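Down below is the structure, laid out as structure tokens.
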């Protein structure tokens, strides 16, 4: 069963392919020159028609090319006052977050998805970082903002934002993945778009104060073994976190990618819980209570638990296991060109660094190691890339992440053997894309 | 002589400081608690007045605090459809690029400045990356975009954007600094704002194809020793680059911080020349010609050369030397709090990695090593941080960058001894901020 999500909008239109000449030279254009010819065949280059079928236009003598002086070369451009805060080109208007109407009962307690098919590199730009709200995005005035630390502490505290910013801060790249990312795929290939199957994730440079510093300031009592983080939104969203994690690498962050958090991502302050499910990264955080046991809050009992085959539920399944996905080709990024192409994708592990990403073009029979972009950082996304040949044959593309602890991203079959089919959360299984003979890409389930 | 730039707009309003109680405990709040009390003294917290002069409000029993339920906790927030492409909070509306009216004859051949005083971490968000245009920002249609490689090559080539994207790509963080950054400071402390003294810089993750790959595709002839990169804007801005650099680490980049380049930063393609002056990073690049000698283009003869004391001009001064600046405190970021504060700043070197940043609070007499945020990357900015005490005394704050080759950021006196006072470009000297007794910060020249 396959169900289309809301329309993805205008994506790249595949250009017709002109015949390909093999010049016999070790090069990329040997095959890719066709696309230039194709554009020429389809229209005009620089105001003059270019001979159709000239597969080797890229190798033509440029002296013979049309004058090729487009509008933007002729007229004065925009002044430096044009956009005090800049925006993407109008030609990139389809690179936006999207949501799925039928997924949730309301638009406020809902989610939108990062357009990861259009991401280059491991930074997710702030404008398209996915959002999951439980009571809508709160608009918080930073001057009136307060954070309270109470419960089993020597000295309950209330902080202003400026108080926190005067404490020693750090910046770190971390991925944030919703536990429900790929959740709709447990019961078959459901959504035909990588934005929807894997887009509940982002990766940014967070800046803030280590939570440990703030807790030490308040003085945690010996029986303080858990914290409860509570959001300042209308849902008052709250979660329990064991003290060990709170004192390890958690942060109270006010910035993402160098600037203040965006309203939908918790402005002015959110909890950062590296490697753990996104729901715990409490936004608009207003209070941290220290206790001796977990709170069993709504979002860690009725939700964000995993119903197992025996009818019991896994509770406190925090860590996000190694995972990866090919983002291009993908349903939104068909293969437009016969010959040599590049695939790219994203990999991550909540347990630490990504060690290796393997790619298969034949549904998991043969694997090749992909190239990892540097630097590879702890609990941060990494972009992987690999060249591949496309001659019009069917391909079954997969990627598989192996982290520094040797943990391997599983197949869905292997995952279901352990977890059954009732779950919504923590699906880190291998994704398969079918590239068909027209270069279109489809979400399929193998076996 | 001191001249104010265009108004910086609303900056943080210093809150009145309440008396400080020293609780004797090793903590940050010992001194910083005052600010919370100050806000309480100045108004309401959560709807109820908080006792004025309660310097240790942060240590008060939170059970006694007012209910503290602000509006955003009471009402449903925005839906996930609110901003398909997200924007900063309305409270951050002053974190924008700014320009200086008197600096250039036109607004199109001009520059705007990155608000580095508000940057956290080493990523510059795309919306505020500074822009220098020579004929205005070109708006290029990526479908009609072409890049030509010609001159001393075996096979002249014309690429579409898709052709380039099918070649093997990489992502790398690099700083881009205009050669004229801090140029107005050669003849004394001129501009009272770090956005204006040091804001002609940004640092993003660029993604593209190595220029080497493209040149190898065309086949550089043995006498091809230089390239000329030509922009697709109305200025047709062009620069000569030695082949050695072109084959080393230059890139043709289509993405910054994960998404397509912004129009003002060269969309859809710009040259990346790591560590070298920004003028060479040709935007909207349309042509690369291979030659046997430099072109002596306008922007490398009449401009972007350094007039020396003997009347001759240094030519081809490409590399950006080690440099750093404290971004907070700075004229835009006064010291609002008596007690323990944190300073932060940015450091970079066009020669490689930053090895160390020293900070002085007394005008260069004593130096302490600042903390460097990880990872420290090649030819990328690094954020440094250091705690400091402020008791209302005057401070003369400086920072000094030392790169991995041991090259040290010089004083202005040392720099002027070699270069004289006629130059506009390549001022990498140490910046001094005077913090006065009111916590205000001023741009001053020592000695």
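Distance from the Cα centroid of the stretch B:380-431 to that of the stretch A:212-229 is 40 Å (rounded to whole angstrom).
Across the stretch B:93-314, the relative contact order, built from alpha-carbon pairs under 8 Å that are at least six residues apart, equals 23 percent. When the alpha-carbon atoms of the stretch B:280-394 are used, the pair Rg, Dmax equals 20.0, 62 angstrom. Over the stretch A:248-315, Cα pairs under 8 Å with separation of 6+ residues give a relative contact order of 20 percent. Both numbers refer to the Cα atoms of the stretch A:101-314; Rg and Dmax are 17.3, 53 Å.
For the peptide B:370-380, the mean number of other protein chain Cβ atoms found within 10 angstrom of a residue's Cβ is 2.
The rotation axis bringing chain A onto chain B passes closest to the chain A residue reported with its distance as A:375, 3, by C-beta distance in whole Å.
The mean count of C-beta atoms from other chains within 10 Å of the C-beta of residues in A:212-219, rounded to a whole number, is 3. Determine the distance separating the Cα centre of the stretch B:266-341 from the Cα centre of the stretch A:143-198; give it in Å without decimals. Cα centroid to Cα centroid, the span is 37 Å.
Between this copy and the others, label points of residue A:296 are 8.5 nm apart in ascending order, each placed 7 angstrom from Cα in the Cβ direction. For the peptide A:336-347, the mean number of other protein chain Cβ atoms found within 10 angstrom of a residue's Cβ is 2.
Under the classification rounded if a/c is under 1.5, otherwise prolate if a/b is larger than b/c and oblate if not, where does the stretch A:167-284 fall, given a ≥ b ≥ c as square roots of the Cα gyration tensor eigenvalues? Prolate shape, in that a/c is at least 1.5 and a/b is the bigger ratio. As a rough footprinting exposure proxy, the listed residues A:197, B:106 were ranked by other beta carbons within 10 Å of their own, and the order from fewest upward is B:106, A:197. All C-alpha pair distances within the stretch A:323-444, sorted into 5 Å bins from zero, spread as 2, 12, 21, 23, 19, 13, 7, 3, 0 percent across the bins. Using the Cβ-Cβ distance between residue A:436 and residue B:292 with R0 = 45 Å, the FRET efficiency computed as 1/(1 + (r/R0)^6) comes to roughly 0.35.
If you plug the beta carbon distance of residue A:247 and residue A:374 into 1/(1 + (r/R0)^6) with R0 = 35 Å, you get a FRET efficiency near 0.70. With neighbour counts taken as other beta-carbon atoms within 10 Å, the residues B:97, B:146, A:314 rank, fewest first, as A:314, B:146, B:97.
With label points set 7 Å from Cα along Cα→Cβ, the inter-copy distances at residue B:391 are 8.0 nm, sorted shortest first.
What FRET efficiency do you get for residue A:389 and residue A:314 if R0 is 45 Å and r is their Cβ-Cβ distance, rounded to the nearest 0.05? After rounding to 0.05, the efficiency reads 0.60. Note that the stretch A:111-171 carries a Kirkwood radius of 15.4 Å, evaluated over its alpha carbons pair by pair. Across the identical copies, the label point of residue A:365 (7 Å from Cα in the Cβ direction) is separated from its matches by 7.8 nm, in order from shortest. Counting every pair of alpha carbons in the stretch A:120-229, the share spaced more than 24 Å apart comes to 48 percent. Compute the distribution of all C-alpha to C-alpha distances in the stretch B:77-156, in bins of 5 Å from 0, and list the percent of pairs in each, rounded to whole numbers. Going from the shortest bin to the longest, the percentages are 3, 10, 13, 14, 14, 16, 12, 8, 5, 3, 1, 0, 0. In percent, rounded to a whole number, the relative contact order of the stretch B:323-444 is 32, using alpha-carbon pairs under 8 Å and six or more apart. Using all pairs of distinct alpha-carbon atoms, the Kirkwood hydrodynamic radius of the stretch B:259-316 works out to 13.4 angstrom.
Exposure proxy ranking for B:113, B:296, A:145, based on other Cβ atoms within 10 angstrom of each Cβ and starting from the fewest, stands as B:296, A:145, B:113.
Read-outs: derived from the displayed coordinates by stated rules, not from any lab. Given the structure is predicted, the values throughout are model-derived calculations rather than measurements. Note that we place each Cβ from the backbone using ideal geometry, even for glycine, and neighbour counts take in every protein chain shown.
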